[in-house]
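Worksheet: one structure, shown below.
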Amino acid sequence: MSHLTRRRDRDAHQESWLIYYGDVHVGTISLRSGNPAETDPWQWRCGFYPGSRPGECTSGTSASFESARAAFSAAWAVFLSNRAEADFEEWRQQRDWTARKYAAWERGERVLTRRA
């Protein structure tokens with residue numbers, strides 16, 4: 001069984017952590033940018049698409065990294081309880097197809113549309 005891991009997003013302008021379940025990107029916890037000083041500085045997002053239905057992904061804001069992490073963990077428990085391995089596989093297939101598409105574009109090749 002997989003477990004959650006957190007990796008710093010080196011490409012983000014603000015502090016940002018990408019959360020993975022095995023090889024699937026399932027969420028993010030990051031500092032908010034451009035928000036008024038009196039609002040929560042941290043935001044979190046839980047879920048992935050494809051592999052879930054609209055409305056199943058959740059998000060929120062928090063006063064601290066630790067509270068954002070706790071809120072994400074609670075949301076993840078609910079989200080994961082409604083997932084099957086096929087949902088994760090759907091996400092992986094989309095990730096792999098997208099990588100092949102961009103590689104073909106780099107080579108100057110025409111990309112055919114994906115068939116479901």
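The values are calculated or read from the model by the stated rules, or taken from the named source; none is laboratory data. If you're wondering where the values come from, they're calculated on a predicted model, not measured in any experiment. No Cβ is skipped: glycine too gets one built from the backbone with ideal geometry, and neighbour counts run over all protein chains shown. Remember, those area values only see protein heavy atoms, side chains included, never the ligands or the DNA or RNA. Shrake-Rupley method; radii C 1.70, N 1.55, O 1.52, S 1.80 Å.
In a reduced charge model with +1 at each Lys and Arg Cβ and -1 at each Asp and Glu Cβ, the chain shows a dipole moment near 420 debye about its Cα centre. When nucleic acids and ligands are ignored and a 1.4 Å probe is applied, PHE65 ends up with an accessible area of around 40 Å². The smallest convex shape that holds all Cα atoms of the chain, its convex hull, gives 140 Å³ per residue. Mean-square fluctuations from a GNM of the chain, with a 10 angstrom spring cutoff on Cα atoms, peak among SER59, SER33, SER16 at SER33.
Simple rule: put +1 on each Lys or Arg Cβ and -1 on each Asp or Glu Cβ in the chain, find the dipole, and look at TYR102, ASN35, ILE19; the Cα lying farthest toward the positive end is TYR102. Let's test the formula: R0 of 30 Å, r as the Cβ-Cβ distance of THR5 and TRP97. What FRET efficiency results, to the nearest 0.05? Taking R0 as 30 Å, the efficiency between THR5 and TRP97 is 0.80. For LEU80, the accessible area of its heavy atoms, probed at 1.4 Å with every protein chain present, is near 50 square angstrom. Ranking ALA71, ASN82, THR58 by Cα position along the charge dipole of region 35-84, where only Lys, Arg, Asp and Glu carry charges on their C-beta atoms, puts ASN82 farthest toward the positive end.
Our coupling estimate for region 64-74, obtained by passing each phi through the Karplus curve with A = 6.51, B = -1.76, C = 1.60 and θ = phi - 60°, is 9, 4, 4, 6, 5, 5, 5, 5, 4, 4, 5 Hz, Gly and Pro reported as x.
Placing R0 at 35 angstrom, the Cβ-Cβ distance between GLU109 and THR39 gives a FRET efficiency of 0.15 after rounding to 0.05.
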